[in-house]
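Student: Structure incoming, see below.
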Amino acid sequence: MSNEQAERSFSPAVLAHFRRPLHAGVLPGGGGLVGTGRAGTVKSGVMVQVQLRVGADGHIDDVAWLAYGCPATLAACSWTAERICGKPLQEVLAVGASDMVHALELAPVHRGRVLVVEDALRAALDAVVDGPNGKTE
Amino acid sequence: MSAETAPIYLDYAATTPLAPEVLEAMLPWMRHQVGFGNPSSSGHAYGREAAAAVEHARRQVAALIAADADGVVFTSGATEADNLAILGAVRFAMARGRGRHVVSSRTEHSAVLGACERLRREGAEITLLQPDRSGRIHVEQVGEALRDDTVLVSIMHANNETGVLQDVAALARLLRPHPAVLHVDAAQSAGRCPIRVRDWGIDLLSISAHKLYGPKGIGALWVRPRPRLRLEPLQYGGGQERGYRPGTLPVHQIVGLGEACRLALQDLTRESARLHTLRARLRGGLEALGSVRIHGDGDMAPHIVSASFPCVHGEALSLELGGLALSAGSACSSARPGPSHVLRAMGLPDSLASSTFRFSIGRWTSAEQVDEAVAAVANALERLQPLSPLAARWRDGEPLDALHEY
Ligand SMILES: Cc1ncc(COP(=O)(O)O)c(C=O)c1O
C-alpha cells in the first residue's frame, strides 16, 4: 500500500536511480584538477555537493556527489553524474535542470529541487574552469 | 494489497483494527429482525432492548475509566468529544459572565487546538503552554497560567505523536480549589494506561473507540454528573444523552465501543506490560543504530516511539521504508502536510521534523515484527547514509543536532 503509492508518485527512471545510485561519494585525492561545488541548505530540504575531476584532455575523468534530499533529488544527482562522466567540458556546460526534468520525467513539485543540483554542478564547473577554488594535485 | 506484500502495521496510534470479539458483539445490533430498535422507543420491546444494550455499554465505558456511568455521553469520536467539552464548557461560562480564559498546550491534538482557536474568535482568551524539550507540561506552569477568570484547562493524557504522558492526576489536584474545569483528551491512553476519573477528579474526558480496537465513528465524552457540569450543546434536537448530544443513538456502534472497553479493561495490566516491553525493545533497537533521536522521555504511553533520523531526508527514508506502515512526523495527525506542531513545540527544527517517524504498536504486534522493523530501518540507513553529506559530518564527530542548522 504505502510502497505502491510512493512508487506511483515517482517515475521508473527516478526509482531506478534511487535504488542504484551511480557515482555517489567523494573523489579520492590524486592527480588532475578537482572542482567541488555545493548548493542548497538542509533547512530548505535540499543540499548537494558535486565534485568533478578534469583530465589533461579537458574531459571529465571522474564525478562524485553527495546529497541530502528527496528521491527525485538523489536520482537527479545520479543521472547527472552518469550523463557527464567522460564527457568534454564544453558539452557538460550545457547540462542543466531541464535535462534532468526531461530525462527523469519529474513531477512539477520536484522541479525546484533539481535546480539545486544544477547549481551545485555549476559551482563545481566554475571551480575547474575559473580555477580559484579548483586545486591541482 | 495482498497478504505477502502487506507492510507491517506500526500505526496503531492512527487507528486499530476492529477486535473480532467487538465485531461479534456488534453484529446482532445490525440484523434485520432484531436489534434495530430505537433506544428512545420505550413503549415497546424493540426499543427497550436497544436501550438496555446502550446502558450496558455505558457501564462498560465507565468501568474502563473508573467513572460513574451516568457521566458517559456518546459522540461520533474524540474529535466531537473534544469540541463538545471545550466549546460547550467555555460557551456556557461566557454566556453567564463567569470568565473567558482557557489554558491548554501547544502539543494538544488539532481537535483541541481547533476548538480553542474557534473560541478565540468568539472572544475567549487562550493561553497555550509551551512544553519542555521532552514534551512535558509542568503542573507549576498551569498554576502560573491560572487566572480568576479561567474557566477551562484542557491537557491531553498521552500525546498522539510522541506518547508523552502528562500528569493529569496532579493537574486535577491543582485545580481542586479553582472553579476552572479540567478536560483531558484520553484518546490515546484509554485502554493502554490506567485512568481513574473519579479518584483523580477529572471533570471532562474524551475517548475514541477506533483507538482501542472498536469501530470508527464512535467515542464518548465523560461529563461529571455530580455536581452536574453544564455544557452548551453543539447541536439541538430530541434531548438524547441528557441534552448534551441529541440524535438517535447508533446502537451497534455504542455496543462496539462498550465491548472494546470491556476487553481493554480485562487485559489492561497484561497488555500494557507487554506493550511496554515491546516498546523498550523497539526503542532500544532504534537507539542502537546511533544516528537517531528518540522524542520524549520519563512517563510514556506504552505504544508509541517517535524517532528522527537526522542524516537522511524524510521522503527518501519513507520510500525506503515502504515495508512498514508508519506515520511520518511531518504529516502526522491531519491531512495537512507541513511540519508537525508537536515536534516544533518541542524545539525540533522543521527539516528534522520531516525525518521523523512515529512507530506505534498494539495488540497484534509481535517481537519478531519489532525486530523486522528495526532491521528495515537499519538497512535503509545503511543504504541512504553513504549518499548524504550530513552522515559524513556526523561520522566526523559533528553532533546530530547541529546537522540541521545548515
Ligand atoms: C489525542 C487524540 N485526540 C483526538 C483524536 C481524534 O479522534 P477521532 O478520530 O475519534 O475523532 C485523536 C485521533 O486522531 C487523537 O489521537
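Residue-by-condition table, conditions (1) at pLDDT 95 or above; (2) farther than 23 Å from B:Gln141 by Cα; (3) away from the ligand (no atom under 16 Å from the Cβ):
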residue	(1), (2), (3)
B:Gly35	no, yes, yes
B:Tyr46	no, yes, yes
B:Ala50	yes, yes, yes
B:Ile65	yes, yes, no
B:Asp68	yes, yes, yes
B:Thr75	yes, yes, no
B:Ala95	yes, yes, yes
B:Arg98	yes, no, yes
B:Thr107	yes, no, no
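Student: Mind telling me which of the residues B:Phe309, B:Phe357 ends up being of a type in the set (A, V, I, L, M, F, W, C) and over 19 Å from the mean Cα position of the chain (by Cα)?
Tutor: Testing whether each residue is of a type in the set (A, V, I, L, M, F, W, C) and over 19 Å from the mean Cα position of the chain (by Cα) leaves just B:Phe309.
Student: Out of the residues in segment B:355-376 meeting the condition of being surrounded by fewer than 23 Cβ atoms within 10 Å (Cβ to Cβ) and assigned to a helix (DSSP H, G or I), tell me which one is nearest to the other protein chains (Cβ to nearest Cβ).
Tutor: B:Ala376
Student: For segment B:113-227, which fully contained helices (runs of 4 or more DSSP H) count at least 1 residues that are among the β-branched types (Val, Ile, Thr) and within 16 Å of the ligand (Cβ to nearest atom)?
Tutor: B:168-175
Student: I've got another one for you. Considering A:Leu66, A:Leu104, A:Leu115, which residue is touching a His at 6+ places or on another chain (Cβ under 8 Å), of a type in the set (A, V, I, L, M, F, W, C) and at negative phi?
Tutor: None of the others qualify; the one that does is A:Leu104.
Student: May I ask you to verify whether B:Ala209 is of a type in the set (Gly, Ala, Ser) and over 25 Å from B:Met26 (Cα atoms)?
Tutor: It is false that B:Ala209 is of a type in the set (Gly, Ala, Ser) and over 25 Å from B:Met26 (Cα atoms).
Student: How do the pairs read when you match residues in segment B:73-86 that are within 22 Å of B:Ala180 (Cβ to Cβ) and touching a residue at least 24 places away in the same chain (Cβ under 8 Å) with residues anywhere that are aromatic (Phe, Trp, Tyr) and more than 7 Å from the ligand (Cβ to nearest atom), using Cβ under 8 Å and keeping only pairs 6 or more apart or on different chains?
Tutor: Listed by first residue and then by second, the contacts come to B:Val73/B:Trp222; B:Val73/B:Tyr244; B:Leu84/B:Tyr244.
The values are calculated or read from the model by the stated rules, or taken from the named source; none is laboratory data. Remember, it's a predicted structure, so these values are computed and weren't measured experimentally. Every residue, glycine among them, receives a Cβ derived from its backbone with ideal geometry; neighbour counts consider all protein chains shown.
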